[in-house]
1. Using just the C-alpha positions of the range 168-282 as equal point scatterers, what log10 of I(q)/I(0) does the Debye formula give at each q in 0.14 1/Å?
2. Can you give me the Cα centroid spacing of the range 528-590 and the range 103-177 in angstrom?
3. Please give the FRET efficiency for residue 332 paired with residue 73, using the beta carbon to beta carbon distance and R0 = 45 Å, rounded to the nearest 0.05.
4. With the Cα gyration tensor of the range 8-88 in hand, convert its eigenvalues to equivalent ellipsoid semi-axes via √(5λ) and list them largest first in whole Å.
5. Can you give me the Rg/Rh ratio for the range 95-258, using Cα atoms for both radii and the Kirkwood formula for Rh?
6. Based on the Cβ-Cβ distance of residue 603 and residue 84, what FRET efficiency does E = 1/(1 + (r/R0)^6) give at R0 = 22 Å, to the nearest 0.05?
7. Contour minus end-to-end for residue 145 and residue 52, with contour as 0.36 nm per residue of separation and end-to-end as the Cα-Cα distance?
8. At what distance in nm do the modelled label points of residue 580 and residue 493 sit from each other, each positioned 7 Å from its Cα along Cα→Cβ?
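Nothing in this text is a laboratory measurement; each read-out follows from the coordinates by a stated rule. All figures in this text were calculated on a predicted structure; none of them were measured in a lab. Ideal geometry is used to build each Cβ from the backbone, glycine not excepted, and the neighbour counts take in all protein chains shown.
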């Protein structure tokens, strides 16, 4: 529309030139000293705001619209500035972002990529004698048909766009030495990331599986390291553009190499939620299954033959126990003994689960003993196979038994409700007695507290105990087959406190660790009399979520909940800034080839990494489960040295086994 649109710096430079011109003209014309000084100061102001428009005490230079100008300093500093926004971190090509959704049929190493993304995202491929015929097929398919190609680059650097019209011709013209940008295909390695990237496992390498529809699919077991859920989370995918990057990603960054977390030395990838419930149902009471059921449970695993039956039923049908079926997934040489979350002792002898319940303590993310031990004694490949197969078995098990939760699962008998009501009435009486003794001045103060503080502490103690009593009464009336009890006991989700609040009483609401005491003058709400210290007036919720809260209880509950939300938001920003400062302070520290830790000036900070030189992921997490290194070495060496291929060399070269670097390639060969 003919309007001029100038950059903010142009704006300031025009001001500087204009005032400089006026200053020169006035000085040459012999203008009064006062005017000269005013112009001098104005010129100084324009030069200052050209450099930095956010100096305190100086009004910022503004655009005609009233917006403060963004000058040199503002361009450089801060998160959106030149350094942090354009140099340290920037938007990149060859990346995709979309919503994530779960797919338990994928391996934990894989990621489901929408076909639409696979067609647009490309991977650079250098044409050589061994792949030229393959590449001709990609180029001949063109940009629209998957798997195709979008561009070819000649040796002189000229890039040719492939179109539906020229794709057949280009397919014939391509030569060795050219590069082609082909579509993503099954088995390609890509980087997958969820923000905020708080630790190493927030960005891992996955293998592509091209799929229909528009979301990235990932196995549920990789949710903990990404801290991902499926309520609308989005994730980023980066295609790698040269062989060196792809090799590094496969060897160093694949999900199976990140099963152990360097933060606490145990597995961060393992069974979660329904997986744990499934294995609990399969092993806790050790149910039995007929042949069809047993094979159905194992259908997603690589096991296609059942072990000998455990017993023959009265009807003459062979039966297998749940623990026997679970044992099929374990390595034959595994021996373990530990306590489960449920409290029984899990015993594994020579890869057979002899007794105990498989729950969170055994196979869970964040320290499942079996997953941790398999990784450390049998390697990442075996751990990956175990986690994939356990999740598949658990899904079949939970589908076999059926598992759901409803309102009726939180209801308790009238007799139990009567006992809870009595306990609450008793608590009200105790609180009334404490308030009376406070009013009479008979309350014995606690050390370091005044009378009111003592009263508050004693009342909170009484009300806390009341909720515990109510919870105990409710728990006694729930059978072991109650789904909420199963989830809490096995460690799949939730706790008995959640069940208490659903079924018995929600309990005291707190703000800053105290009973609710602020609101109107001398009272919390207008529904209560002034200076009322009783339980209901100070945020005690005697109803359960099942029976429903009264309006005043609901309001107090919202106050307690709001504090949690605010606290979370504040904590997130504080920890984010703290992490940024720590990373910047420690970024130059590096482990050198002599084992020392040095900074960029070559000064020694530590003589040995962590003072002991041990990797936090490879040491045993617990003295009860020490890693027998000599036994592992012997197990590896025995088949190597006795192999007919070795001919006394000491190590054989495996040529036909799985590469362990590509699940896609291995599955084509029929390996694991």
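1. Taking Cα atoms of the range 168-282 as identical point scatterers yields -0.71.
2. 53 Å
3. Values: r = 67 Å, r/R0 = 1.50.
Efficiency for this residue pair is about 0.10.
4. In descending order, the three semi-axes are 31, 12, 11 Å.
5. Values: Rg = 16.8 Å, Rh = 16.5 Å.
Rg divided by Rh gives 1.02.
6. Working: r = 27 Å, r/R0 = 1.25.
For R0 = 22 Å, the calculated efficiency reads 0.20.
7. Between residue 145 and residue 52, full extension yields an extra 28.1 nm.
8. A separation of 3.5 nm, rounded to one decimal place.
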